[in-house]
Structure formats: structure tokens, C-alpha cells
Ligand code: FAD
């Protein structure tokens, strides 16, 4: 087994992981970056629309306060207020800093970073590079890492002396010292199947999302909730796991590409949603809490694109949960397309040349995958599982995850987005909290007097657990099990939920537990995807159980959690975070915890009449 010692081990090489690694290295620490997939292949690279930051470049009325308000509204006031505050205040600096690393965002006519409209954002706020923003973000962060490695070569004679990247290396378990502090991370190289032990006092988990537990998803194969699960097994807690974002616009046809994302920028740039009767239906679906901010007629909505100061926003730009539910209702009412979606029309709204310029990836995606020319024809779209709002419970300022030495940032952490994330807020979230996680992990290590040590027996236990699927005979095939899990989650814990179905899901997941424990993988250890999936399944199941249990417990509808049997938001539930842990037998526990109370100066940013839509009378009078 390979063995390495590092000050800080960053698990995940998306935006959050890379930004954390840069900060820990700048603080003088030796850092390992570990990535399950190839270096550069992460969800961050797939991000299309942009990164939200109140720079006020396109509309000078924008400010961190407006961004804060939008984020809290989008999350239906369940967000950790301090995270939302830090995010709104710090994201402009994180974007400008990226330009100092070499990023080149699209420009306004006067040469500033251009910003585009997106759902739930009052002003144009998303810094972008066409519809390939994530690619530029990852390219830039990687370039910064290479430049730091070049400095290290000059100083220490070795490029990898201070930062080393371990690509195609999967972490399966965290290791603790006898005192319960982080002491290491255990994993395997995907290519050789050999094991590897990282001895370290600090781990930053930045492993992204959980979407592969659903059959229709925009997420790719790596997103199996590994970070959520290894944190849970190490003693951390997960919050808000019932809140999953179903992006309203995924491709629905042809079946082989179902779920692939159609960026919200299409609507931000003027695209409208129509049902099979040709009706622009979103006007029927503006909920009371948003009524004042959204246009009531098509004429007003259309005027907004050129005169946003004197008109209200089109309802196609409501937060994602609202749009996804509206599409779902149209399809259910028989007004969907044959393939079970609705139409998204940009062709009749913008000249072909502008569509190709502003949405180049979408143009190619539809042309190549569906033989649809989006400059001439509407796209067919429907909801797809996209983002998990729930995640590892962290301290808002330090990103510390409740276990000494454990830090988390990016999509795998919870709290920032409340019950629903606004588009664009993930890329800025991962920059803001990635930096903070790296900084505080480094500080934690600096303050240690002795290095925590893992017991050899724990390393052996992690080895045995990883080898188990290869030695089981007669167990289920991992692909068949994953398919069953995806069916359960998609059919019973999906976009619209009911008590009986959630209870059935929990029962079925319980039955799967034994089968996942005994799953069999054929073949050896060298590049064996079946074995890798068998190991991922443990994580997917654990995280799915958290989602299903919390979804059954929360008896209201809010953001990314819609209960048909409890269709309204309930102010009592707004005060509750549902927290998942695991007991000594590995069973998921669920407890209620109060949502932190917002500071008075932040409450003052809202009208009392708006707050009364979310809060209880007692909260308001207090
Ligand atoms: P990721 O970028 O997902 O990276 C996770 C990393 O962890 C990867 O390197 C992975 O290999 C690694 N990993 C996972 N498990 C393990 C393990 N066990 N061991 C080692 N490594 C592991 N958000 C926006 O704000 N704006 C957008 O325009 C936008 N567009 C999007 C478009 C698409 C198609 C998708 C899918 C998402 C989009 N999002 C967007 C969401 C956003 O991209 C993600 O939420 C964000 O990039 C997550 O970043 P991250 O750093 O937390 O994780």
C-alpha cells in the first residue's frame, strides 16, 4: 500500500477542492488533491450559466444586500443566514480574484465583467463565459495550481513538493485518532486497484453531489454522495437532506440523453416555456410570495428584457423549484409533449446568430444529441435531478465539519442554500467557502501540538471493507442494484412526494441494505468499474436513506421538497433543520435542530410584510 503524509488532504478536484487547496498551499501547507475522476473532470467544469456575484457591472443597483435577499428568498428562509451573508459579501472578490489568476469573463461594452440574468436574481448577476463558465473556472484554478507548483520547483527543486494531484483515486473512508480527530484518508487507485493511505491531520471534503441515486439526472457517474457518506461515518452530521433540486430543464428526448442539462441561461436570455397547446403557461404558476416581483402579462415580461427598471421579471425566471413544479403539473394535466416534457423556445425570440453566440454549447448539444436546430425549433425539456441543497453541517465562518480536522465546502456541504439554490450561486459558493475551508484547515494544522494517528486496525478494516465485494459470491450485481436504487428514489422520493410512497421507499431501501452489504463484483482489482460501483453503492444507499427519512419527517412543502399531502409552507417547519447522523450499528438517526436565528441587521433588509409570509407570529414579535 502506498503511504503519504500531508498537512491537508483535499478530497475532490472541482472548484471547491481546488480553491481550498490553493488557499492551504498559500498558507504554507503541504497539500494533496485527490480526485475520483481525471483531473479537470468535475461538475464544476460542466457549469454553463455562470457564477453569481453582486458586482453591479450591468445594473449598478445591485449590491450584496440585494443578493443576500434573493438568496434567502430562493431558499425560502431556511438558509444558514451567516453563510448566505458571507457568500453575498465575498463572491465579488472571489470573481475578481479569478481574473488575477488568468480567467477571462465575457465583457460589457465598457470592458467590465459582463453579468447575465438568471432565475430568482433581481439584477443581471452571473459572471459568465458564454455558456461554458465552469470550463474557464476550472482552467483558471488549475492554472493557478500549476503556477504555484512552478514556484515550488524553484524553491524546493520539485514541482510536487507542496501540492500533488492524485487523479483517478477514490477515497472510501476517513480514519480517526483514538481521540476522534481526523488522522487520515484511505482509498484506492482506480487504474491499478492498489490501496493508498494518506496520513493527515486535516481533510477538506469537496466531493460534490449525490445525483446518481436518481434515474433522471444531470449529474455524471462520480456523484454518488461519497463525501456525504464518509463524513457521516466519521461522525459528522448531514442537514437538510430532504432538499434536492430538480432543475426544470433537462433534455427529455432522445431517451439516451434524458436528464442532460439545458442551461437556465436560455431563459435568462429570453427563452420562454410553452405547453403542447402553445400557451406560455408560467403566468399561471406565480406563487403569492413572489407575486409582487413577477410580470402578470406577456407584454410586461417581454419589456423587462430591455427595460428592467420599469417592468417586472418574466415568470420563466422564478426560482427553479417553482418552474420544475409548474412543468410537472402541465405534463400531468396532459399538456406536455409526447416525450413527457414541455417546449422551451428561444428560436422565435432571438436571431439565429445571437443564439449561436450566446448559447454555443446548447446549440451543439441539441444539434448533435437530438438533431434539433435550436435557432429554428423549440427544445423539449423536463425536470432533472440536479443539485443537493443538503450536506455536511459546517460552521459558516470556518467550514469546519464538527469532527476535529474535518472541513467541507461546495455542493457536499449544507446550509448555504436553504431549501432551494438559486442558479449561479453554486459557483460563487464553492469559491467563497472553498477558500475559507482551505484557510481554516491550514490554521487548524498550524495550531496542533501533536499529529493525530490512525490505528493500524482501522486501516485493516478499511482494506477489508473495500475488498469485500470481490470476495462475496452469489451476491447481487452492482449495476442491477444501482438501477433498483435509482428507481426507488426517482419513483418514490422524487419531485412530488407522498407519505405512503416515502414510507414504501424507506422499507425498500432497508431491504436493499442487506443486498448492498453482500454485493458481488466479478474480476480482479485492475480497472474494475463493477467493483468501484459496488463500493459507491454503500454511499449512495446511506445518503438516500437520509433523504427519504428526512422527506418523510418534514410535513410541509418548501423549495426542493414538495409534499402532495402537505402542500403549503409551514412557518413552524421553517425553524427546523433535520439532522442525520448514524448510530453505532450504522443506522441513520434523524433529529430536529433549530435553524439559527437571523441577526437583526439582516432581518432589517426585508419588509415585515415579506417576513410574515415565512415566519411565525412569535418570531416576528420577538
Ligand atoms: P464538483 O465540481 O462536483 O467536484 C467534485 C470532485 O470530487 C470531483 O473531482 C470528483 O472526482 C471528486 N470526488 C467525488 N467523490 C470522490 C471520492 N470518493 N474520492 C475522491 N474524489 C472524489 N452551478 C452554478 O453556480 N452555475 C451554473 O451555471 C451551473 N451549471 C451547471 C451545469 C451542470 C450540467 C451541472 C451538473 C451543474 C451545474 N451547476 C452550476 C452546479 C455546479 O456546477 C456544482 O454544484 C458545482 O460545480 C459543485 O462543485 P464542487 O467543487 O462542490 O464539486
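The values are calculated or read from the model by the stated rules, or taken from the named source; none is laboratory data. What you are looking at is a predicted structure, and each value in this text was computed from that prediction instead of being measured. Positions of Cβ are generated from backbone atoms using ideal geometry, with glycine treated the same way; all protein chains shown enter the neighbour counts.
Quick notes
- Considering the conditions (1) crowded, with 22+ Cβ neighbours inside 10 Å; (2) in contact with a strand residue (DSSP E or B) (Cβ under 9 Å, 6 or more places away or on another chain), residue 298 is excluded by exactly one of them, (1).
- Boolean, residue 414 is out of contact with any helix residue (DSSP H, G or I) (no Cβ under 7 Å at 6 or more places or on another chain) and closer than 29 Å to residue 176 by Cβ: yes
- Any chance residue 131 is modelled with pLDDT of 95 or more, more than 16 Å from residue 13 (Cα to Cα) and out of contact with any strand residue (DSSP E or B) (no Cβ under 6 Å at 6 or more places or on another chain): no
- The listed residue being surrounded by fewer than 23 Cβ atoms within 10 Å (Cβ to Cβ), more than 23 Å from the chain's Cα centre (by Cα) and more than 9 Å from the ligand (Cβ to nearest atom), out of 132, 139, 190: 190
- The condition (being buried (at least 21 other Cβ atoms within 10 Å of the Cβ) and closer than 24 Å to residue 421 by Cα) is satisfied by just one residue among 289, 272: 272.
- Scanning the stretch 362-378 for residues that are in a helix (DSSP H, G or I) and closer than 11 Å to residue 344 by Cβ yields 362, 366.
- Flag for residue 307 being at pLDDT below 95 and within 16 Å of the ligand (Cβ to nearest atom): no
- Tally, over the stretch 402-426, of residues that are near the ligand (Cβ under 7 Å from one of its atoms) and outside any loop (DSSP other than H, G, I, E, B): 5
- Top-ranked residue in the stretch 199-212 [being farther than 19 Å from residue 417 by Cβ and either assigned to a loop (DSSP other than H, G, I, E, B) or more than 26 Å from the chain's Cα centre (by Cα) (or both); ranked as nearest to the ligand (Cβ to nearest atom)]: 200
- Taking the numbered list (1) in a loop (DSSP other than H, G, I, E, B); (2) buried (at least 20 other Cβ atoms within 10 Å of the Cβ) in turn, residue 328 passes all entries but (1).
- For the residues 429, 458, the requirement of being modelled with pLDDT of 95 or more, under 24 Å from residue 3 (Cβ atoms) and in a helix (DSSP H, G or I) singles out 458.
- Test result for residue 232, modelled with pLDDT of 95 or more, part of a helix (DSSP H, G or I) and in contact with a strand residue (DSSP E or B) (Cβ under 8 Å, 6 or more places away or on another chain): yes
- When the helices (runs of 4 or more DSSP H) confined to the stretch 11-95 are screened for residues that are over 19 Å from the mean Cα position of the chain (by Cα), more than 12 Å from the ligand (Cβ to nearest atom) and closer than 30 Å to residue 152 by Cβ, those reaching at least 2 such residues are found at 15-26.
- Some residue of the stretch 148-160 being in a strand (DSSP E or B) and modelled with pLDDT of 95 or more: no
- Beta carbons closer than 7 Å, at least 6 apart along the sequence or on distinct chains, pair a first residue in the stretch 120-138 that is farther than 21 Å from residue 102 by Cα with a second that is within 11 Å of the ligand (Cβ to nearest atom) and in a loop (DSSP other than H, G, I, E, B) for 120/422; 121/422; 121/424.
- Filter result for residue 560 (surrounded by fewer than 19 Cβ atoms within 10 Å (Cβ to Cβ), touching a strand residue (DSSP E or B) at 6+ places or on another chain (Cβ under 6 Å) and touching a residue at least 40 places away in the same chain (Cβ under 8 Å)): no
- Condition met for residue 277 (without any contact (Cβ under 8 Å) to a residue 60 or more places away in the chain and crowded, with 22+ Cβ neighbours inside 10 Å): no
- Verdict on residue 574 being farther than 30 Å from residue 476 by Cβ, touching a residue at least 40 places away in the same chain (Cβ under 8 Å), touching a strand residue (DSSP E or B) at 6+ places or on another chain (Cβ under 8 Å) and surrounded by 13 or more Cβ atoms within 10 Å (Cβ to Cβ): yes
- Residue 260 vs. criteria more than 30 Å from residue 299 (Cα to Cα) and within 16 Å of the chain's Cα centre (by Cα): yes
- With respect to the stated conditions, residue 552 fails to be at pLDDT 95 or above, at negative phi, assigned to a helix (DSSP H, G or I) and buried (at least 24 other Cβ atoms within 10 Å of the Cβ).
- Residue 467 assigned to a helix (DSSP H, G or I) and more than 26 Å from the chain's Cα centre (by Cα): yes
- Whether a residue is closer than 28 Å to residue 245 by Cα, out of contact with any strand residue (DSSP E or B) (no Cβ under 7 Å at 6 or more places or on another chain) and part of a loop (DSSP other than H, G, I, E, B) was assessed, and residue 524 does not pass this test.
- Within the stretch 213-226, considering residues that are more than 8 Å from the ligand (Cβ to nearest atom) and within 22 Å of residue 18 (Cβ to Cβ), the one surrounded by the most Cβ atoms within 10 Å (Cβ to Cβ): 225
- Considering residues of the stretch 488-497 that are assigned to a loop (DSSP other than H, G, I, E, B) and at pLDDT below 95 only, the residue surrounded by the fewest Cβ atoms within 10 Å (Cβ to Cβ): 494
- Residue 438 vs. criteria under 26 Å from residue 138 (Cβ atoms), in a helix (DSSP H, G or I) and away from the ligand (no atom under 12 Å from the Cβ): yes
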